[in-house]
Each structure stands twice: as C-alpha cells, then as structure tokens.
Amino acid sequence: MTPCAAIHPSILNADQAHLADELARVEGADGLHLDIMDNHFVGNQFGGPSLAQTVLEHTSLPVDAHLMIEDADRWAPQYAEMGCAVVTAHAEATRAPFVLTRELHRLGAGAGLALRPATPLSVLEPVLAEIDLLLLMTVEPGFGGQSFIDLMLPKIAQARRLVSEQHLELRIQVDGGVNRSTIERAAEAGATVFVAGSAVYGAQDALEEVEHLRALASGHHHP
C-alpha cells in the first residue's frame, strides 16, 4: 500500500557527474522530481529532453517533470511521449491549460500545473478538475537550497479545501525548502507529495532521509 505521503527527491541537487549512482541512492523513494529550466521563465538553466531521457533510462521510479519554461504548451508533450509519469507546466507559462492537460492525458502522462508563490490559486480553479497534480511552489522557482516560505501554508490549506469540496482526485505537491523542520507543517496544511532536494541529497544516507521525511509527513515519528 502506498503511504499517503510521497517523497520525490529532486535531482537538481544531485551530483550531475555521477547521475546513475545518485539515482540509485534514492531508489526507494516514491518518485523522482526532474526540474527543467530555460533561463527565461526562471533565471537559471538546467536539464532538457536529453537529461530526461537519461534519468528515465536509469530509474524504475515514476518521474515527474517540472517545467520551469516559457511556452510550456509547445514543449510539455515531448516529456509525456518520453515516458515521464507526470508532466507539470507552470500556469503562468501556459496559454491553453485545458488543451495541454488533455494532450498530456492522451499521451499517457498525468497532467500537473504549478504556481509560483505569488500567483493566486484562483488562477487554476477552473481547471482543477482536469489535472492530476497541483504543484505549489514554497520558494521562488529557479534555484535550489532556498528557505521554505511559511506564508504559503494558507495557500496549501485553501487548495486542500477546494480539492475536498469538489471531491477531486488530484494530489497537492509542494516544492522548495522541504526538510525535517518544514515537512510536518506542509503536510498538516494538506500537501501529500513533497519534493526534497538538498535535504535528501545532502544527507549521508539519502534513502534513510527519504524514509524519515515520509514518516514525519505521514504523522508517524521514528522512535
């Protein structure tokens, strides 16, 4: 049985020169989070289709691709075609979210939509019933290692209320500053999928850290 809290390590924080080994370190996680940045939507560049292909070839975990790129409508479908389990585009960079989510579903991937911290949830209310994953950024997207923005907790709680009221299946993912000291608050507010980058890859035993974070988010503490 899958635990209610899922931990997706972010490979942005992995040692890129030893990627296969770094992926093996987290093989017991619930998924892998793959950031793609174009140096336009965010002020940083990372990854692309070739990296996605390499990651997919070296892991058995479901990969969720987080596209921090302009013109997501155009570029997102190729990540679904490659075999990413979920493809998440930013609402701010998507012109036709209904068309995009249906295209991702047609290609066999889950459809995700992401919001920057300052973008209100109301932007996505009309399309919530169409998506599988709602990603609420808890830092400004573009760089790893930032501190969790506590002001996002009410936004997570608001999303949880909407999901419950509309009886939606979608999962609420948080990304940014997730670690032992922040994950319980995010889980309490209503998040169920947690992207952890430096917390996992900075640990001596990455898998043990994944298990510890999962236990904290599930409301169980390790003895």
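Couple of notes before you dig in:
- Among the residues of this structure, Leu34 counts as one that is touching a Cys at 6+ places or on another chain (Cβ under 9 Å) and either crowded, with 17+ Cβ neighbours inside 10 Å or farther than 30 Å from Glu211 by Cβ (or both).
- Of residues in region 39-70 being of a type in the set (D, E, K, R) and closer than 22 Å to Pro117 by Cβ, the one surrounded by the fewest Cβ atoms within 10 Å (Cβ to Cβ): Glu70
- Hits in region 161-196 - residues which are surrounded by fewer than 21 Cβ atoms within 10 Å (Cβ to Cβ) and either out of contact with any helix residue (DSSP H, G or I) (no Cβ under 7 Å at 6 or more places or on another chain) or among the aromatic types (Phe, Trp, Tyr) (or both): Arg161, Val163, Ser164, Glu165, His167, Glu169, Arg171, Ser181, Glu188, Thr192
- The listed residue being of a type outside the set (A, V, I, L, M, F, W, C) and within 25 Å of Thr94 (Cα to Cα), out of Glu27, Glu57, Glu70, Glu22: Glu70
- Restricting the search to strands (runs of 3 or more DSSP E) fully inside region 83-195 and requiring at least 1 residues that are among the charged types (D, E, K, R) and within 28 Å of Ser60 (Cβ to Cβ) gives 171-175.
- When Gln158, Gln204 are checked against the criterion of being free of Cβ contacts under 8 Å to residues at least 40 places away in the same chain, among the polar types (S, T, N, Q) and crowded, with 16+ Cβ neighbours inside 10 Å, a single residue qualifies: Gln158.
Any read-out appearing in this document is the output of simple, stated calculations on the displayed coordinates, not a laboratory observation. Small disclaimer: the values here were computed from a predicted structure and weren't measured. Don't worry about glycine lacking a Cβ; one is built from the backbone with ideal geometry, like all the others, and counts go over all protein chains shown.
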